[in-house]
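Inspection log for the structure reproduced underneath, given as structure tokens.
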Amino acid sequence: MSAVTGRSLRLRRRRLLPGKGQPKVVALGGGMGLSASLTALRRITGDLTAVVTVADDGGSSGRLRTELDVLPPGDLRKALAALCGDDEWGRTWARVVQHRFAGCGDLNGHAVGNLLIVALWEQLGDHVAALDLVGKLLGAHGRVLPMSAVPLQLQAQVRGHDPHRPDETSTVVGQATVALTPGEVREVRLVPADPPAVPEAVEAVLDADWVVVGPGSWFSSVIPHLLVPELLQALTETRARRVLSLNLAPQPGETAGFSPQRHLEVLARHAPKLAFDVVLADQDAVPDQQSLREAAERLGGTVELAAVAAQDSDARHDPVRLAAAYDRIFRMHGRIGPWR
């Protein structure tokens with residue numbers, strides 16, 4: 001048995017509870033990218049917190065947001081599902097909260113988990129307490145927090161959003177629209193411009209040993225965290241080591257044609273004072289390794305290349321491979337905190 005295979009099997013079997021000897025890890029993002037990261041990270045630590053973007057305005061989340069004036073619950077639901085265990089209880093509840101109603105009525109398209117989360121928000125009047133309760137019900141291996149307690153609108157400056165005017169830059173409103181724009185996204189901002197961060201999210205970042213940013217939709221799920229002033233300050237000031245986890249491929253519309261190093265460049269443009277210790281990328285997704293290393297050095301970090309894509313798809317992370325990559329980074333790049 002190879003060393004990599006042996007480690008992968010151990011990661012599959014490992015079930016961890018919070019305690020000494022484990023890193024405190026905070027993962028930031030949204031959507032399927034954050035879900036991939038959480039599914040991997042829960043295999044190597046029992047002290048895990050997800051900080052999730054709340055700018056979604058499409059689908060079930062968008063409808064609930066409009067009708068009830070609540071935070072969009074969809075990305076929070078996906079994070080909770082990703083933290084469910086691999087036992088029968090975890091697999092069952094992950095399927096339940098992800099289940100969407102069909103039919104022609106008002107429930108069509110709504111996810112069960114979205115309705116559950118919103119119901120508890122209305123019952124408890126506390127975003128964090130409600131999410132903690134859902135996590136307890138699911139047996140989640142970690143905690144899920146919104147990055148802000150107010151619904152946010154994403155706006156982007158896009159060149160060529162109108163295909164008939166390819167050289168014109170216009171303002172595109174809404175996360176769902178930004179994610180699918182055929183133009184070139186130049187910059188994103190949040191409305192309101194200086195949203196308050198959830199205090200528990202700030203505290204988690206400041207108390208972490210490692211912070212993982214990405215993968216995910218770059219402009220609509222990753223960069224928005226850097227536009228929340230209190231959260232950006234915590235990310236800049238924390239003693240935690242910081243990992244930037246890159247996508248496996250450019251996202252159609254939002255980052256079409258982007259090289260891996262360009263992802264770093266646009267992130268640095270939105271948060272020029274934020275440094276990273278490690279940039280993680282799939283070894284087959286980097287055609288120009290030297291350019292990526294130079295871009296990582298400008299952020300203060302080094303590049304770690306690993307096979308993290310699923311063997312049957314180069315567009316999807318393999319949770320065991322990604323867990324092995326994170327585990328190796330945590331072990332090789334120094335440890336800060338009581339778990340040393």
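The values are calculated or read from the model by the stated rules, or taken from the named source; none is laboratory data. In this text, all values refer to a predicted model and were calculated from it rather than measured experimentally. Because the Cβ atoms are built from the backbone with ideal geometry, glycine has one as well, and the counts that use them run over all protein chains shown. These area figures cover heavy atoms from the full protein model, side chains too; ligands, DNA and RNA do not enter into them. Shrake-Rupley method; radii C 1.70, N 1.55, O 1.52, S 1.80 Å.
Worth pointing out:
- Residues of the range 223-241 satisfying the condition of being open to solvent by 30 Å² or more (accessible area, probe 1.4 Å) and within 21 Å of His333 (Cβ to Cβ): Thr236, Glu237, Arg239, Arg241
- Of all the listed residues (Arg91, Arg100, Arg77, Arg143), the sole one being surrounded by fewer than 20 Cβ atoms within 10 Å (Cβ to Cβ) and touching a strand residue (DSSP E or B) at 6+ places or on another chain (Cβ under 7 Å) is Arg100.
- Selection within the range 57-74 - closer than 14 Å to Trp121 by Cβ, open to solvent by less than 50 Å² (accessible area, probe 1.4 Å) and not in a helix (DSSP H, G or I): Val70, Leu71, Pro72, Pro73
- Some residue of the range 252-267 being free of Cβ contacts under 8 Å to residues at least 40 places away in the same chain, basic (Lys, Arg), closer than 28 Å to Met332 by Cβ and out of contact with any Leu (no Cβ under 9 Å at 6 or more places or on another chain): yes
- Entirely in the range 108-200, the helices (runs of 4 or more DSSP H) that have 2 or more residues that are of a type outside the set (S, T, N, Q) and without any contact (Cβ under 8 Å) to a residue 40 or more places away in the chain: 112-124, 127-138
- Scope the range 38-56; condition in contact with a Pro (Cβ under 8 Å, 6 or more places away or on another chain), open to solvent by 10 Å² or more (accessible area, probe 1.4 Å) and closer than 19 Å to Pro196 by Cα; matching residues: Asp56
- The range 247-340 holds strands (runs of 3 or more DSSP E) entirely within its bounds, and those carrying 1 or more residues that are surrounded by fewer than 21 Cβ atoms within 10 Å (Cβ to Cβ) map to 302-306, 313-317.
- Cβ-Cβ under 6 Å pairs, at least 6 apart or on other chains, the range 40-54 side at positive phi, far side assigned to a strand (DSSP E or B) and open to solvent by 10 Å² or more (accessible area, probe 1.4 Å): none
- Of the set (1) at pLDDT 90 or above; (2) surrounded by fewer than 21 Cβ atoms within 10 Å (Cβ to Cβ); (3) within 18 Å of the chain's Cα centre (by Cα), all apply to Leu133 but (3).
- Tally, over the range 174-187, of residues that are more than 16 Å from Ser61 (Cβ to Cβ) and open to solvent by less than 70 Å² (accessible area, probe 1.4 Å): 4
- Summed over the range 201-239, residues that are touching a Lys or Arg at 6+ places or on another chain (Cβ under 9 Å) and outside any helix (DSSP H, G or I) total 6.
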